[in-house]
Each structure stands twice: as C-alpha cells, then as structure tokens.
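Notes to accompany the following structure.
The values are calculated or read from the model by the stated rules, or taken from the named source; none is laboratory data. Remember, predicted model here, so these are calculated numbers, not experimental data. So basically every Cβ, Gly included, is an ideal-geometry build from the backbone, and we count neighbours across all protein chains shown. Ligands, DNA and RNA are stripped out before the accessible areas are found, and what is left, the full protein with its side chains, is counted by its heavy atoms. Shrake-Rupley method; radii C 1.70, N 1.55, O 1.52, S 1.80 Å.
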Amino acid sequence: MPWTNSATVWRALLALAVVFVMLATTGWTAIRSHRGDPDPRSASLNAWLHGSLAGHRLPDPNGPPAALSRFFASLTGGQLDYLVNRYPLVVGNLNGAPAPLRYRANRVALGRARAIEEKRAHDQRLTPLGRGEANRRMHRFTSLMREGRQILAFNPAGAGRVAEVFGDLPHADRVSVVVPGVDTTALTYEKTARSYTCLLYTS
C-alpha cells in the first residue's frame, strides 16, 4: 500500500511537471498575459469619470455624440491638449470627439503602449516567446505611429484593436467601412510579408 501511494504521488508530480513545461514553452508563464493588471482603457475611463476640467466634471463618455461634440468645441487649445495627454485612451475612442483630436490622442496612446512593450521585450522574467511577442507589438505600434496615419480607435488590451481612417473623414461626402475578419488583431492588422493577405496602410 505505501508503494502504491508513492507511485500515485510521483505520477501526479510528473503530470504537474508536464503541464508546467507545456505552459512555459507556450509562453503562458510570461508576464505578457497581464492577468492581474486592469484593462488600460477601463482604467482610463475610470479616471475620466472621476476627473474634472476647469472645476467642472467631465461629461459622460457614453453620452450623446452631439453633446460630446459641443463639449469639445467649447474648449481651449490648452484644455484639449490636457485631455489628450491625460486621457488618450478615452479621447481617442470617444464618439463625438473630433476625428483629428482622436488621431492625436491615439498617437499618444500608441507611444505609451510602445514604451511598455519595449520594456517587456527586454524583461528577463518573461519567456523567450513572451519577449518575442512584446517585440512584435512594439514594432507594430511604431508602424501605426508613422507620419500620416490616422488612427481613429486604439485599445492595447489583450490582442489589441485598431481602426484606421484613409482620406479626409471630417469632409468626406461618402464613407466606406471595411471590416476585416474577427481574428484580426493589432498584430495581424498589417503584415510585413504577404501584404495583400490583409489590410495594409500604404503611403
């Protein structure tokens, strides 16, 4: 009986070791999952809800776009700069915010996301797979920040989400919306090789 119990314990330990190796080699032990971290956009939204400007509470981000548009139209250049730099993940995704302002905010958000991924790409606590993915995300965010690109929406959480504008949206007479496949992420939105297999920005 003692031998049977010992064999059972060893089998259990061996199974756990196999599971750990599988998780390690697939990158799940990397910090890249950020399971304990809040969604960056949710954290930014929460800060917006508790924020103020010139002594007044900021408007409801889920309010009517027309009301939000009037709010932004009433602000000075300095106040707009403050909101863009303080809440880029809110302003950059806010229906009612002027498109050029959203482009500016998302450029700020992309720069901050890129800085985070650059640090993670050199973090020895991550697995090689985790560091490699961080490096890919860093280069993708750098590409999205290229001069002339108009990022209308950006969220770095999870696999990442991006929406880009081609042309002059505020003055367009007609607008077409191209929706890629449901598996498209910030990493697969554009490709260095086989560029015609997905949406790709060209200058």
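Check each of the trypsin sites (Lys or Arg not before Pro) in the stretch 81-156 and keep only those in coil by DSSP with at most 16 other C-beta atoms within 10 angstrom; list them in order. Please report the intermediate quantities before stating the final value.
On the way: sites: ARG86, ARG102, ARG104, ARG107, ARG112, ARG114, LYS119, ARG120, ARG125, ARG131, ARG136, ARG137, ARG140, ARG146, ARG149; in loops: ARG125, ARG146, ARG149.
Qualifying residues, ordered by number: ARG125, ARG146.
Taking the Cβ-Cβ separation of GLN79 and ARG161 as r and a Förster radius of 25 Å, what is the calculated FRET efficiency to the nearest 0.05?
Using R0 = 25 Å, I get an efficiency of 0.35.
Would any residue of the stretch 110-130 have its amide N under 16 Å from a label point 7 Å out along Cα→Cβ of THR142? List them or say none.
Inside the label zone: 110-123.
All other residues with a Cβ under 9 Å from the Cβ of PRO88 taken together, and with Lys, Arg as +1 and Asp, Glu as -1, what is their net charge?
+4
Rounded to whole Å, give me the distance from the Cα center of the stretch 51-70 to that of the stretch 149-166.
Centre-to-centre distance over Cα atoms comes out at 23 Å.
Heavy-atom accessible area per residue, the stretch 146-189, 1.4 Å probe: how many Å²?
66
Counting only protein heavy atoms and a 1.4 Å probe, tell me what percentage of the stretch 126-185's accessible area is made up of carbon and sulfur.
55
Within a Cβ distance under 14 Å of SER176, other residues only, what is the Lys/Arg minus Asp/Glu net charge?
-2
Testing the spin-label approximation: label points 7 Å from Cα along Cα→Cβ at VAL179 and ALA66. State their distance in nm.
In this crude spin-label approximation the distance works out to 2.6 nm.
When a/c is below 1.5 the answer is rounded, else prolate if a/b is larger than b/c, else oblate, so apply that to the stretch 61-199 with a ≥ b ≥ c taken from the square roots of the Cα gyration tensor eigenvalues.
oblate
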